[in-house]
Each structure stands twice: as C-alpha cells, then as structure tokens.
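**Q** One structure, pasted below without further comment.
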Amino acid sequence: MAIKGGSDQFQILIESHRGILYKVSKCYCSNPDDRDDLIQEVIVQLWRSFPTFDESKSFSTWMYRIALNVAISNLRTEKVRSKHIVSADDRILEAVDVTANVSETALMLYQLIEQMEPLNRALMLLFLDGFSHREISEVLGISETNVATKIGRLKKVIQQALSTDGQGIRG
Amino acid sequence: MELDGILESWKEQNEKLNACIRLNLQLISESRLRPAKAALRPLTFSLIFELAMNIVAIGLLWLFSWTYRSQPQFVIPAIVLDIYVIALNTQLFRQILLANTIDYSAPVTEIQERLARISVERVRGTVWTFISAPVMWSPLLIVGLKGCLRVDAYKALGFTYLAANLLVCSAFTYVAALLLKRNEAKLCSYPVIQRLARDIAGKSLATAKARVAEVQVFLEGG
C-alpha cells in the first residue's frame, strides 16, 4: 500500500533514520564539503519517491536503496562537479563532536569501506548494519546466494584487515 | 577482536551516532532543496535545450524545402540536413527519456547498470556527432546561404569550392580529434572541453563500459 505521505511524516521518518544519511555520505564522499550536497540530493530523491513508498515494507531498506543509488551515481560524476564550501549553518546534517565518538574499530571499518568498489561498499554497509541476506538482496538486486557468497568474502577481508591492524583495534 | 565483536562495536557506534547528529529540519522543509543539483539533472537540461534547438532547425528546414521544392539542388541538401537533425533528435530524446524515467528506489544494480548504459549512449552520440558534423558542413552552407542571404552557393562559390570545403572540414575534424586525444590531460581546467576530449579519446566510453562490466560482474557473483 502506497503511503498517503505528508511532509511531517516524511520528516519524522528521515529524522529517525538520519544515521543512514551520515553513513552513506561518509562512505561515498571523501570531501566533507561535498557530503552536504550528497545528503541534499538523497533527501530530494527520497521526497520525490516518498508517495510510492509502500508502508508495509521497511523504511530503512527503502531509504538505503535510494541513498545508495544517489551516492553511487554522485560518485561517478564527482570529478566534474564544481567544488564549493558549505557553511556550518547551511548544513543539513549537523554533527556534534562525531569524531570524538567514533571508535577505532569504526574508523578502521570506514577506511576499509573507502577502499572498496562502490557496489561492495553498499554490501559492506548493509552487512554491518545487520540486514538479513534477503533484505540485502532486495536492496542490491542480486540473489540471496550471491549475497551469501559475497558476505563470506567480506568477512575474510575484514578478518585480514583485523590481523593487519589488529594491534590498534580494541573496539 | 573477532568478527562478532566488530559487528557489536558497529551497532554501539550507530547508537552513539544517532545521539550526536541532528538533521536541520528547517532546511529540509524549505523549498530550496528542490532545485538541488541531482547527478543527472544538468545533463538533462542541456539535452532539453539541444532538443528544442533541433526542433526549431527541423521546422526551418521543412519550410526551406517547401519554399524551394521545385529546385532539387537546394531541396536535396535540406533533406540531408533534416534527416541528420532528426537522427540527432531521436538520440537526444532517447537519452532524456532514459534519464528522466529513473526510479531511484529500484534495486541498486538495476539503476547503476541503466545509468552506465546511458553514459555509453551519450559518449557514442558525442563521438558520432563530432565525426559526422563536417560532412554536413557543405549542405549547411548551401541551405544557409540560400535561406538567409538568398545566395546560390553553387554559382557564388562553385562546386569545386564546396567539395574542397568538405575535405578541409573532414581534415580539420581529424586534426582536432588528434589534438584532443594527445592533449586530453592538459585540458583539465576546461570541464566541457576536457569532457569532449575524454569522449573523443575513447576514455569516457572505456570508463562507461567498465561500469557496465563492473555491475555485471557484481550481479554474476564475481
């Protein structure tokens, strides 16, 4: 059933899933000044697609689909976009002392994600966020068997990274 | 730390994250979000402008062909130009349609493959236009002179001049393509030229094809 969406409901849903915006923008945008542009684009696309959102389905899965699609598309065009600085007052996502609250493990994982291919970054994010194989397959559009195989490989990559950087990772 | 510990740590991190980030709801609700530059929108606007200009050109060429319908030496170049512009427009229209019917809530691989295919089409279109445009120069000269200045190019310039013009334009295109290929890296301060240079040099096509391949490999479990 498609949502009879009002902007209030939209804002409440976006607000309660704001972490997705932060994580996707951090994983797909190396330049902090470009992250706000990306978040803005994601919100525009979310708002446009909101009338077709099926309330019986998970909002986070739907939001991840749109956010990842916009982020990957944005990544492809990033090189030809003009660079500009966004003032703190104009930021959509205001972060209060995020860096102080990021654990070493999370930092290592973000670094690991940044080195991956765009589609694998999406898989890694969804895996870390605890989505089931079925949900990941729905977001990415690949089979559950394929998801399982890829997650098996991701686990090895994480474990390799842990064994390399293990000394510095304490959680 | 084991993998389970990593996942637990990420979960804890998510909880902390929600506490230290805040959305500026005022900005979200403001209409200023609407004109935000979506990844594909600048491309679409330029395509729509080009499409509109081409439609005007098609109309003018039809008018010209009707006016000089009894003089095949003018009608034939006008029809050749018309077919060329219609072909360009068909390609542009297809690109606009593809770009505007993207549903970002569809699965990631589906959308990314579609976007990559749009890029392939765009690059092929640019290269095709760049190569074929010089051939159209002589018909354009004949139609333009007659239509705008009432000058008969066959009499005023002569057939030899028109044929030479075609050769010179083709040679110029070849040299321009060569220069763009060789100096592609030096043209980085001019995004439009750099993009054209990358298209002509075949780099954009290779990148776009690599993106299609990347999605296919991902789909196949590679």
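**Q** With a 10 Å Cβ neighbour count serving as the proxy for reagent exposure, in which order, fewest first, do B:D103, A:D129 appear?
**A** Result, fewest neighbours first: B:D103, A:D129.
**Q** Tell me, what is the FRET efficiency for A:V157 and A:R134 to the nearest 0.05, using R0 = 30 angstrom and their Cβ-Cβ distance as r?
**A** According to the calculation, E is roughly 0.85.
**Q** Moving to a separate point now. Which distance in Å, rounded to a whole number, links the C-alpha centroids of region B:95-150 and region A:1-51?
**A** Each part's Cα centre sits 32 Å from the other's.
**Q** Indicate the helices, whole DSSP H runs only, in chain B that combine a mean Kyte-Doolittle hydropathy of 0.0 or more with a Cα extent along their long axis of 18 angstrom or more.
**A** Going by DSSP H runs, the hits are B:41-67, B:72-100, B:108-132, B:159-182, B:203-219.
**Q** Separate question: From Cα pairs below 8 angstrom and at least 6 apart in sequence, can you work out the relative contact order of region A:108-161, rounded to a whole percent? Can you show the working numbers first?
**A** Working: 24 pairs, mean separation 16.7, N = 54.
Computed value for region A:108-161: 31 percent relative contact order.
**Q** If I stretch the segment between B:K16 and B:S70 completely, what's the gain in nm (0.36 nm per residue apart, minus their alpha carbon distance), one decimal?
**A** Here the answer is 11.4 nm.
**Q** With respect to the cross-link table entries A:K156/B:K209; A:K26/B:K203; A:K57/B:K16, which display a Cα-Cα separation exceeding 32 Å? The partial results should precede the final answer.
**A** Details: A:K156/B:K209 29 Å; A:K26/B:K203 28 Å; A:K57/B:K16 26 Å.
Violating the 32 Å limit, Cα to Cα: no pairs.
**Q** Please order B:Y154, B:Y84 by the number of other Cβ within 10 Å, starting at the fewest.
**A** Ascending number of Cβ neighbours within 10 Å: B:Y154, B:Y84.
**Q** Can you give me the distance in nm between label points at B:F49 and A:T145, each placed 7 Å from the Cα along the Cα-to-Cβ direction?
**A** For B:F49 paired with A:T145, the spin-label model returns 5.0 nm.
**Q** Right, another one. For B:S132 and B:A106, compute 0.36 nm times the residue count separating them, minus their Cα-Cα distance, and round to one decimal in nm.
**A** Using 0.36 nm per residue and subtracting the Cα-Cα distance, I get 5.7 nm.
**Q** Would you order B:I48, A:I66, B:I200 from fewest to most other beta-carbon atoms within 10 Å of each residue's own beta-carbon?
**A** Ranking B:I48, A:I66, B:I200 by Cβ neighbours within 10 Å, fewest first, gives B:I48, B:I200, A:I66.
**Q** Testing the spin-label approximation: label points 7 Å from Cα along Cα→Cβ at B:L178 and B:D152. State their distance in nm.
**A** Using points 7 Å along Cα→Cβ, the separation is 3.9 nm.
**Q** Turning to a different aspect of this structure: Given R₀ = 45 Å, what would the calculated FRET efficiency be for B:E220 paired with B:V56, taking r from the Cβ atoms and rounding to 0.05? Don't skip to the end; give the middle numbers.
**A** On the way: r = 46 Å, r/R0 = 1.03.
Efficiency, rounded to the nearest 0.05: 0.45.
Where a number appears in this text, it was derived from the coordinates with a stated rule and is not lab data. Owing to the predicted nature of the structure, the values given are computational and were not obtained by experimental measurement. A quick note on method: Cβ atoms are made from the backbone with ideal geometry, for glycine too, and the neighbour counts reach across all protein chains shown.
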